[in-house]
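S.K.: Sending over a structure as structure tokens; questions will come in a sec.
The values are calculated or read from the model by the stated rules, or taken from the named source; none is laboratory data. Keep in mind that this is a model prediction, so the values were computed, not measured. In this analysis, Cβ positions are derived from the backbone assuming ideal geometry, glycine residues included, and neighbour counts consider all displayed protein chains.
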Amino acid sequence: MARVAALLSILVTNGALWAQETTSSQDAPTVLKSTSTFVLVPTRVRSSSGAPVRDLRAEQFRLFDEGVPQNVLKVKTDDLPISLVILMQTGGAAAQKFSNYADLPVLLGKILGGSEREIMFVTFDSRIEQVWHFPARSDGVFHALTRPHPGDGGRAIRDAVSFAVGQLQAEAGRFRRVVLLVSEEADEGSKIAPRDLLEQLGTGSTVVYSIVFPVRNVTKTHDIRSPGAAATSGTSNALARTLGRLSSNTAAEIASVTGGDFVGFSDQRSFNSGLIDIGAVIGDAYTLGFQPSQHTPGFHRLSVEVRAPRSTFNVLARSAYWFNPAAQDP
């Protein structure tokens, strides 16, 4: 559990648009900067055997925006406090899963570590139902997370995520914005259009981690393809596929676009291990950043690879962002 605590306490290196390390020197200070044109790309690298690859330098990465190589920086964010929204589906088939969340308050403590920021807990079905605000160490955490009330037959995942992201992005300050989504795979009943949600996610700095049930044929849509494949698929086709997946594989695609991860669970044991797996992914992650050279407004595809001709690596990274010159992330 000590390793779990260490991993989960750094839950999230993330999103877009607010920080950069101005030099690769280990002794140089980190400069945090708010700008609408600096994009953060959480990236995990594994060997062919599945082992994490650590200590890569910025110059060993190649990052492509719409197939065009960008100048890459490594960004330090793990020392920032966490601001967390837990989104829990209570509608649809969710009620039969409530008993699986018994250890969530304990694991939540591992996620937050020493952060002093407040947590928001939101339940939803076809609409937002309850919103709880409490300090990380409040007794209300245990009560709220372990005694949710069943909702109606809906699962408005896109609406719930949009609400959570809006709450986090409205807060000024330097911290890590995180959403932990516990839900089914596909949206049903949301009012926000997939394109509007995609723009909101793509211009923000919030990262979503999804824990979903049941898992049928969902694939990890945020596995990074080669730059060549990305370049030939076409932006309009990629946008259409992303919008489609925001309806059919909602929870997974939201994680992909924001640079998070998703896992599936069926019982309490797999729920707990899934949350631990997310912590492990984040613990092994790099945060890359770049100043876009492509200024076309709208949807941009991202891809990342590692310069290592003698080795084979599996790279998992943020799949897209949304360029909006008028947007200024707090």
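S.K.: Enumerate the strands (runs of 3 or more DSSP E) found wholly within the range 54-134, keeping only those where 1 or more residues are aromatic (F, W, Y) and either buried (at least 16 other Cβ atoms within 10 Å of the Cβ) or within 22 Å of the chain's Cα centre (by Cα) (or both). Step through it out loud before you land on a result.
M.R.: On the way: elements: 61-65, 68-70, 82-89, 119-124, 128-134.
Per the criteria, 61-65, 119-124, 128-134.
S.K.: Within the set of pairs 6+ apart or on separate chains, which have a first residue in the range 184-196 that is free of Cβ contacts under 8 Å to residues at least 60 places away in the same chain, a second that is assigned to a loop (DSSP other than H, G, I, E, B), and C-beta atoms under 9 Å apart?
M.R.: What qualifies is S190/S126; S190/G154; S190/A156; K191/R127; K191/A156; I192/A156; P194/D187.
S.K.: Pick out, from the range 230-330, the helices (runs of 4 or more DSSP H) lying fully within it that include 1 or more residues that are touching a Phe, Trp or Tyr at 6+ places or on another chain (Cβ under 8 Å) and surrounded by 22 or more Cβ atoms within 10 Å (Cβ to Cβ).
M.R.: Values: elements: 235-248, 250-258, 268-283.
Passing ranges, in order: 250-258, 268-283.
S.K.: To continue, here is another question. Could you say which residue among A280, A251, A230, A285 is modelled with pLDDT of 95 or more and under 17 Å from L316 (Cβ atoms)?
M.R.: Working: A280 fails: modelled with pLDDT of 95 or more; A230 fails: modelled with pLDDT of 95 or more; A285 fails: modelled with pLDDT of 95 or more.
Exactly one residue qualifies, and that residue is A251.
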